[in-house]
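Scroll down for the structure; my scribbles are underneath it.
The values are calculated or read from the model by the stated rules, or taken from the named source; none is laboratory data. What you see is a predicted model, and the numbers here were worked out from it, not measured in a lab. Quick reminder, even Gly has a Cβ in these numbers, built from the backbone with ideal geometry, and neighbours come from all protein chains shown. Areas reflect the complete protein model, heavy atoms only, side chains present, ligands, DNA and RNA absent. Shrake-Rupley method; radii C 1.70, N 1.55, O 1.52, S 1.80 Å.
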Amino acid sequence: MVLFAAFPIFFIYSNNFFMISVDELVLPLILSILFSVIAWFVLKFLLKNSRKSAIIVSIFLILFFTYGHLHIAANGVIFGDFDTSKHYIFVIPFVTIFVLSTIFTIRTKRILDNVTAIGNGVAITLIIVSAVNIGIFGLENISSDSNFNVSDIESELNPNSPDIYYIILDGYANSKTLHKEYEFDNSDFVQNLKQNDFVLPTETYGNYPLTFMSLASSLNMKYINEESGFDSKDSAQLNGQKLIQNNDVMKKMKSKGYTVISFDSGSWYTNSINQADWHVCGTNYLNSEFIGMVVRTTMLNPIHVKLLESDVREGILCIFDELPKLTDRTEKPIFVFAHVIIPHPPYIFDEEGNLPKIDSLSLTEGWGDRTGYLGQLQFANLKIKEVVHEILSKDKSSIIIIQSDHGPRAIDWENPDKNMINMVFGIFNAYHFPNGGNEQIYDKISPINSFRILFNYYFDENYEILEDESFFSSPEFPNKFDPVSKFLEN
């Protein structure tokens, strides 16, 4: 019984462990096992039979953890007027199976030792298979420690060093895309930033269309095309996450005497970054992609949005609330990295920050919801205006980069046309480089050169400014990097 409570969670982890911290397993495992044990004690008290109680609980667990997987697999499949995405199509047979199997188990006079032994054997086998999968994949992707270890560089603390903020608004489109695809004029937000001495390059595009690639590139100031370990979807995500977690920009900032602060975004790529000295907004345990995935694959699927929406909202609001306060908590200069999962779906904010009606908390669905996207984008504008005002009212010498990792991804990954490529690479990019730094920003700058320019101008480094290029790569074929700069509109 306990094995059936643990296996589904362990199975999901085994298929995504390269992106999930092992501590995210703790809460769902405790809740699942605790529920199973309590249910078993209650049934044992009622039935006076421990074995039958264990079998009934095990049947419930199998159905409970199978429901969401089947619903997700069938979602969108329509036979005539028969829409398999409707929950009643699954709820009725699942409840019927549970009721009938429970009645049979209670009434049968048979000794059920074999059923228990077989069930335990199956569960143990499945857990072993998952463990082997983790072990094999882990061995295949062990990389040299020298690439990712924290370097022990002597600090060069300068009390006059400016605070630096690197804010990623996930999936935020550039003005051209918003005007062309969404019929939305974003000039009010743009003008507000310009009035606060930001410069917004007009011909800027992203380097990659996937978050783990774009952030791995910008935070390490290099193209990842030649990096090893990008030959499959799983290994690419694993190595992209390693590059983000142990990135060169944060190492460099620490060598300059900075306190490095990272926000736990709820995304497995940017939660609990290794190089950060502080992790902020990481106490909301339900604001986690893994928790959302587990809940969505259970019989809680029909109500999973209602269960988790408030926690996801609180995590994002925490980031906006804490961003301007960090400088008051230390006398050392700070480098702040904030990855905010908006306007990326799920759409849990309207333009005023209220909760709109939402159908899904999936991070892979919803790009086609133009109303939801624009509402969330306008709310991001509102909060960024507040954050910028508060930061600069305390210290106008603060360096701020506001950037998106990619544009909207309403895209056919197998056959993207020119319009789709312009949309996914059309990023938002704004710089507050005070004391003459804005003059270093040129119109075609891409994220790969953001910190090269920053370090050169403010810290007298001598980084080469790389050619700004864009490479298309799909989630299924991450090692296939197609140059697409010639398709991007100027």
- [ ] Extending each Cα 7 Å along its Cβ direction at Glu489 and Thr96, get the distance between those two points in nm, one decimal.
- [x] 5.4
Open item on the list: Residue by residue through region 190-200, what is 3J(HN,Hα) from phi via Karplus (6.51 cos²θ - 1.76 cosθ + 1.60, θ = phi - 60°)? Round to whole Hz and write x for glycine and proline.
Closed with: 4, 5, 4, 5, 4, 5, 9, 6, 8, 10, 10
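Give me the percent of accessible area attributable to carbon and sulfur for region 402-488, probe 1.4 angstrom.
C and S atoms contribute 44 percent here.
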- [ ] Enter the Cα centre distance for the pair region 308-340 and region 455-490, rounded to the nearest angstrom.
- [x] 28
Open item on the list: Rolling a 1.4 Å sphere over the protein heavy atoms, what is the accessible area per residue of region 309-436, to the nearest Å²?
Closed with: 38
- [ ] Provide the gained length on full extension for the span Asp188 to Lys418, in nm with one decimal, where the gain is 0.36 nm per separating residue minus the Cα-Cα distance.
- [x] 80.0 nm
